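What follows is a short report on a single structure.
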Amino acid sequence: MNATPQVLAVLDGLLASAAPGERGALWHLAQQGRELDANVVHLPPGAGVGEHQEDVLDVLLLVLAGGGSLRTGDGDTLDLAPTAVTWLPRTSRRALEAGPEGLTYLTVHRRRPGLMIKPAVRAPAYEGGEAPCMLDLVCQECGRLSADRAPRFCSACGEAFPAR
């Protein structure tokens, strides 16, 4: 079966509909069978996405409106303005901060494989106690399990983890 191209969003309307103080994803790619993920994210003035690292995927970031800065793991600061296209290579550390007009950007990356439920496997008897619960390592915004044992921010969406 051939897939059919389709218009998924009109950015002018999407950007105009965002409330001034709204933070987070305004839109995301949700079509079945896709190989990409994409999100339009809005940060109000002065808001940020804390320093984080994506270990698996390269990310392309396109500034749609407003402006701000991207701090790299090396301590450099890159200015972000409308139409700026930035490559965020996997394993790079970065943090975003919105400027006085806020920051709205599109991210695009290869789709992450979904979490899969596998059949239970009988484990040999073990008397060392229960396995540790890892629910506190799951991002409440996007559902990704963090590889970091004490995450501060999600490496997938940048959302802050609750304070411990």
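The numbers here are math on the coordinates, done by the rules we state, and not lab data. All figures in this text were calculated on a predicted structure; none of them were measured in a lab. Neighbour counts are summed over all protein chains in view; Cβ atoms, including those assigned to glycine, are modelled from backbone coordinates with ideal geometry.
One table, with the values for the structure above:
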read-out	value
Inter-label distance, nm, simple model (7 Å from Cα along the C-beta direction), residue 22/residue 69	2.8
Gain on full stretching of the segment that runs from residue 101 to residue 35 - 0.36 nm per residue minus C-alpha separation	20.5 nm
In the stretch 4-78, trypsin sites (Lys or Arg not before Pro) in a DSSP loop with at most 11 other beta-carbon atoms within 10 Å	34
Over the stretch 1-49, equivalent-ellipsoid semi-axes from the Cα gyration tensor in Å	27, 13, 6
Gain upon complete extension [residue 111, residue 12; 0.36 nm per residue less C-alpha separation]	33.1 nm
Anisotropy class of the stretch 1-93 from Cα gyration tensor, a/c 1.5 cut	oblate
